[in-house]
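Enquirer: Please find one structure pasted underneath; my questions will follow.
The values are calculated or read from the model by the stated rules, or taken from the named source; none is laboratory data. Treat the numbers as computed from the prediction; the structure is a model and nothing was measured. Neighbour counts run over all protein chains shown; Cβ positions are idealised from the backbone, glycine included.
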Amino acid sequence: MTSCNNFKKYKTLSLLSVCLSSIRVFLGPITLLVLAKNLSTEELGFYYAFFSLTAMAQLLEVGMSSVLKQYYSHSYAIHDISEKNIKISNYFNFSIYWYLILSILFFILGGGVSYVMFNDYNGIVNWKLPWFFLLFVSCTNLLVLALKCNA
């Protein structure tokens with residue numbers, strides 16, 4: 001009886017995931033069309049620069065969260081509780097240090113990139129506060145990944 005309920009649950013979750021992915025496939029191009037129509041070329045350039053900043057954060061992460069999740073799951077299978085706790089604690093400490101260093105590196109890199117890319121800009125778009133806010137949020141998101149790996 002419970003295996004039937006689990007099957008229904010996973011089937012529903014899979015169907016929901018496919019539906020949400022399909023919606024994203026259609027909304028992506030629509031969003032680009034709306035942005036191209038409503039933003040000036042100057043604003044559109046900043047939009048793509050900001051978008052590249054978030055993509056750079058994902059590149060720096062290099063899939064470490066997936067690797068850490070796998071190590072955590074293997075550690076949970078250990079029967080000796082003290083050994084299990086030591087391994088999980090070590091992985092957690094490593095992930096905190098890794099993502100902290102990554103966040104600091106990303107903040108320095110993002111600040112440097114903004115100086116090189118936008119230092120000569122004299123237009124009307126105020127880019128500094130939004131850029132550094134996005135940089136701060138992206139760095140914070142990298143730090144939160146260390147906590148998500150253990151979840």
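Enquirer: Search segment 34-63 for residues that are at pLDDT 85 or above and aromatic (Phe, Trp, Tyr) and pair each with any residue that is surrounded by 15 or more Cβ atoms within 10 Å (Cβ to Cβ) and part of a helix (DSSP H, G or I) when their beta-carbon atoms are under 6 Å apart and the residues are at least 6 apart or on different chains.
Expert: If the second residue must be surrounded by 15 or more Cβ atoms within 10 Å (Cβ to Cβ) and part of a helix (DSSP H, G or I), the pairs left are Phe50/Leu134.
Enquirer: Something else now. Would you kindly identify the helices (runs of 4 or more DSSP H) lying entirely within segment 1-102 that contain at least 2 residues that are in contact with a Phe, Trp or Tyr (Cβ under 9 Å, 6 or more places away or on another chain)?
Expert: 41-61, 64-76
Enquirer: Inside segment 110-127, can you point out the residues that are out of contact with any helix residue (DSSP H, G or I) (no Cβ under 7 Å at 6 or more places or on another chain) and part of a loop (DSSP other than H, G, I, E, B)?
Expert: Correct list: Asn119, Asp120, Tyr121, Asn122, Ile124, Asn126.
Residues are listed down the side, and each one gets a yes or a no for (1) surrounded by 11 or more Cβ atoms within 10 Å (Cβ to Cβ); (2) at negative phi; (3) not hydroxyl-bearing (Ser, Thr, Tyr):
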| residue | (1), (2), (3) |
| --- | --- |
| Ser52 | yes, yes, no |
| Ile104 | yes, yes, yes |
| Leu109 | yes, yes, yes |
| Leu129 | no, yes, yes |
| Phe132 | yes, yes, yes |
| Leu135 | yes, yes, yes |
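Enquirer: Let me ask something else about it. Considering each of Tyr91, Tyr71, Tyr99 in turn, give the residue that is surrounded by 11 or more Cβ atoms within 10 Å (Cβ to Cβ), in contact with an Asp or Glu (Cβ under 9 Å, 6 or more places away or on another chain) and not assigned by TED's automatic domain parsing to the domain that holds Leu32.
Expert: Exactly one of Tyr91, Tyr71, Tyr99 is surrounded by 11 or more Cβ atoms within 10 Å (Cβ to Cβ), in contact with an Asp or Glu (Cβ under 9 Å, 6 or more places away or on another chain) and not assigned by TED's automatic domain parsing to the domain that holds Leu32, namely Tyr99.
Enquirer: For segment 78-88, does any single residue satisfy the condition of being under 25 Å from Thr31 (Cβ atoms) and either surrounded by fewer than 16 Cβ atoms within 10 Å (Cβ to Cβ) or not assigned by TED's automatic domain parsing to the domain that holds Gly28 (or both)?
Expert: no
Enquirer: How many of the residues in segment 60-119 are among the aromatic types (Phe, Trp, Tyr) and under 16 Å from the mean Cα position of the chain (by Cα)?
Expert: 4
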